[in-house]
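Chemist: Dropping a structure here in structure tokens format, bear with me for questions.
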Amino acid sequence: MMEEEELEFVEELEAVLQLTPDVQLAIEQVFPSQDPLDRADFNAVEYINALFPTEQSLANIDEVVNKIRLKIRRLDDNIRTVVRGQTNVGQDGRQALEEAQKAIQQLFGKIKDIKDKAEKSEQMVKEITRDIKQLDHAKRHLTTSITTLNHLHMLAGGVDSLEAMTRRRQYGEVANLLQGVMNVLEHFHKYMGIPQIRQLSERVKAAQTELGQQILADFEEAFPSQGTKRPGGPSNVLRDACLVANILDPRIKQDIIKKFIKQHLSEYLVLFQENQDVAWLDKIDRRYAWIKRQLVDYEEKYGRMFPREWYMTERIAVEFCHVTRTCQDYANQS
């Protein structure tokens with residue numbers, strides 16, 4: 001009965017200690033050993049037969065038993081040491097786990113502090129940005145106000161100077177000043193509802209009108225419509241007046257050109273009337289000789305008085321052709 005119980009116990013123990021091949025291979029790799037006792041397929045009968053292969057070897061059975069017992073005691077000591085170590089490891093593990101939990105709590109606390117500080121910093125940045133935007137708007141408005149005030153000062157001073165120079169017929173200075181005043185006045189178109197700005201604009205228009213009438217009067221005086229007598233040479237005042245006329249209403253420029261060409265060709269109308277001998281077709285070469293002399297005379301006397309972009313020489317030649325055709329048509333009808 002006892003033997004059967006022992007056999008059952010051994011079988012149960014072997015069933016519990018039976019390891020899978022993967023686990024056994026891992027143990028052999030971590031703890032390599034040549035001891036037959038450590039083999040997974042250990043066979044006690046084969047092991048005993050290896051220790052006592054013959055009957056004569058049974059003589060030292062006591063010595064073998066003592067070695068096995070000594071080995072058993074060493075294994076027991078190793079097992080106790082490992083068990084105690086595992087006990088200490090468990091305590092150390094629990095202590096390390098508690099320390100880790102404390103560290104995690106501290107880390108969460110620090111993260112929360114960082115998050116709170118980040119939110120405060122973000123709010124502070126938003127407030128600073130809002131203040132910067134307000135300051136930027138204020139800067140732009142201030143810059144615009146200063147620029148507008150500077151333009152207003154320039155406009156007021158320019159209008160006063162323009163009126164004074166117009167009275168003194170300082171057309172050279174007026175030409176540069178008038179263009180500048182008109183450019184500055186463009187910045188105030190949206191402020192015309194302000195009485196002071198509107199008054200300055202009206203003064204500029206009045207100065208332009210006065211300049212136009214005054215320049216036309218100066219040219220009428222220099223080149224009178226009646227008679228054929230011409231002044232001796234160009235005038236610097238009239239040359240500067242042409243520069244002013246370029247800025248004024250285009251009709252002023254057209255009137256100057258028309259009156260000058262009419263006065264310049266007045267002699268032609270007298271010399272080549274239809275009742276004159278030189279007016280006949282066989283004397284046509286004299287007409288072209290006359291216009292050639294007049295163009296040369298114009299270039300010498302008045303070439304620098306009128307701006308090149310007015311094309312006065314070409315205009316005189318074209319008008320000469322129109323006048324000649326008109327006279328010939330009238331003569332043929334007669």
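Chemist: Leaving out same-chain residues fewer than 8 places away, which lysines sit with a Cα under 16 Å from that of Lys262?
Modeler: Cross-link targets: Lys229, Lys253.
Chemist: Let me know the shape class of the range 162-266, please: from the alpha-carbon gyration tensor, a ≥ b ≥ c as square roots of the eigenvalues, rounded when a/c is under 1.5, otherwise prolate if a/b is greater than b/c, or oblate.
Modeler: prolate
Chemist: On to the next question. Using per-residue counts of other Cβ atoms within 10 Å, averaged over each peptide, order 284-297, 110-123, 152-165 from highest down.
Modeler: 152-165, 284-297, 110-123
Chemist: With θ set to phi - 60° and the Karplus curve 6.51 cos²θ - 1.76 cosθ + 1.60, what are the ³J(HN,Hα) couplings of the range 296-301 in order, to the nearest whole Hz, using x for Gly and Pro?
Modeler: 5, 4, 5, 4, 6, 8
Chemist: Sticking with this structure for a sec: Excluding same-chain residues fewer than 8 positions from Lys126, which lysines have a Cα within less than 29 Å of its Cα?
Modeler: Straight-distance partners of Lys126: Lys110, Lys112, Lys115, Lys117, Lys139.
Every read-out reported here was derived from the displayed coordinates using simple, explicitly stated rules and does not represent laboratory data. Computed from a predicted model, the values in this text were never measured in an experiment. Don't worry about glycine lacking a Cβ; one is built from the backbone with ideal geometry, like all the others, and counts go over all protein chains shown.
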